[in-house]
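Working notes for the structure below.
What follows is calculated from the coordinates using simple rules that are stated; it is not laboratory data. Here the structure is a predicted model, which is why all the values come from computation and not from measurement. Please note: Cβ atoms are built from the backbone with ideal geometry, for glycine as well, and neighbour counts cover all protein chains shown.
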Amino acid sequence: MMLRFAKMAGAGNDFIVIDDRENTIGNDARELAKQLCRRRLSVGADGLILIVPSRRADFRMRYFNADGSEADMCGNGGRCAARFAHDLGIAGATMSFESRSGLHEAEILSEDVVKLAMADPRAMLLDLTLAVRGETLLLHRINTGVPHAVHEVDDLAGYPVVEVGRAIRQHSSFVPDGTNADFVHVIDEHRIAIRTYERGVEDETYACGTGAVAAALTMAALRRLSPPVDVDTRGGATLSVGFFMSDLGFCDVSLSGDAQIVYEGKLEQSGESG
């Protein structure tokens, strides 16, 4: 069976995006993600995105990590899904779509930039200490669609993100689901730099949309930042995080940045879909 796909990139995260409104893939999605996302052996990507029908929005996004696990949300993936749906005529320049974390709104701002309304954060816990690899780290927990642990560092370029990130992701404090680990350096009141170890990918990625939001909101809660916040990613792109902050918490959270189709192609799928 031949499947058409688009290889997309958003701030350095890359995705394989497929229009599956006819349920061509079905129950094969998890295995397909593991096969297609393998770098050097297949198309290669951080994740697989399926566009499927929705009864209450323009479409529904199903997001699968490179290891085949299905995630509740992906910020950069959501922006790429919005761009893909707009280009296919599935949605207009202003749209709504579903993910496992709820309903989202997105807007195509220009040929290169997509703005995504994010859910208000939940489960924020500041100033937690955790023993990691023989050190005591100060961490902050927050869920911006998926769980994140944020740690501020001085030397971001030289920090062992993969080693420490993996230890945090697998730490007993985060069982059974685990967590993403974000390492952030505050540059000024409106700018930070970030590196992220992503669960599901099980490695550092060039960018993480929900991680950018998690880091910006956490540093704002610590009174280190004011909105809007530019987030410099490892891949070289800059994301913009907007929000409103009050004594009651955060609202009107948004993530803006590039979302581009790198190329399109066809996949030969063997076997029967479920």
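Each part reduced to its alpha carbon centroid, the range 1-35 and the range 57-134 end up 16 Å apart. Only helical runs count toward this figure. For the chain, summing -39,500 (n - 2.57) over DSSP H runs of n ≥ 4 and dividing by all residues gives -4500 deg cm²/dmol at 222 nm.
Run through the range 173-243 and list the trypsin sites (Lys or Arg not before Pro) located in a DSSP loop whose Cβ has at most 11 other Cβ atoms within 10 Å. It would help to have the intermediate numbers written out before the result.
Details: sites: R191, R195, R199, R223, R224, R234; in loops: R199, R223, R224, R234.
Hits after loop and neighbour filter: R223.
Taking label points 7 Å from Cα along the Cα-to-Cβ direction, D252 and E22 give a separation of 4.4 nm.
Between D247, D127, D19, the Gaussian network model of the chain with springs among Cα atoms under 10 angstrom shows the greatest mean-square fluctuation at D247. Here the Kirkwood formula, the inverse mean of 1/r across different C-alpha pairs, assigns the chain a hydrodynamic radius of 18.7 Å. Both radii were evaluated on the Cα set of the range 122-257; the Rg over Rh quotient, with Rh as the Kirkwood radius, amounts to 0.93. For the range 1-72, the calculated P(r) over all alpha carbon pairs, in 5 Å bins from 0 to the bin holding the longest distance, is 4, 17, 29, 27, 16, 6, 1, 0 percent. Here's the picture: charge each Lys and Arg Cβ at +1 and each Asp and Glu Cβ at -1 in the range 122-257, and of V241, G165, G200 the one pushed furthest to the positive end of that dipole is G200. With the alpha-carbon atoms of the range 147-186 aligned to their principal axes, the span from lowest to highest coordinate is 31, 18, 11 Å, starting with the largest. Every pair of different Cα atoms in the range 1-131 enters the Kirkwood calculation, which places the hydrodynamic radius at 15.3 Å. When only the Cβ of Lys, Arg, Asp and Glu is charged (+1, +1, -1, -1), the dipole of the chain relative to its Cα centre reaches about 420 debye. Residues within the reach of a label modelled at R122 (point 7 angstrom out along Cα to beta-carbon, backbone nitrogen below 15 Å), restricted to the range 239-256, are 250-251. Straight Cα distances below 18 angstrom link K266 to the lysines K7, K34, with same-chain residues fewer than 8 positions distant left out.
Report, in debye and to the nearest 20, how large the dipole of the range 122-257 comes out about its Cα centre when Lys and Arg carry +1 and Asp and Glu carry -1 on their Cβ. Don't skip to the answer; put the middle values down first.
On the way: 11 positive and 18 negative charges, 52 e Å.
Charge dipole of the range 122-257: 260 debye, to the nearest 20.
About the centre of its Cα atoms, the range 53-184 shows a dipole size close to 520 debye [charges on the beta carbon of Lys, Arg (+1) and Asp, Glu (-1) only; nearest 20 debye].
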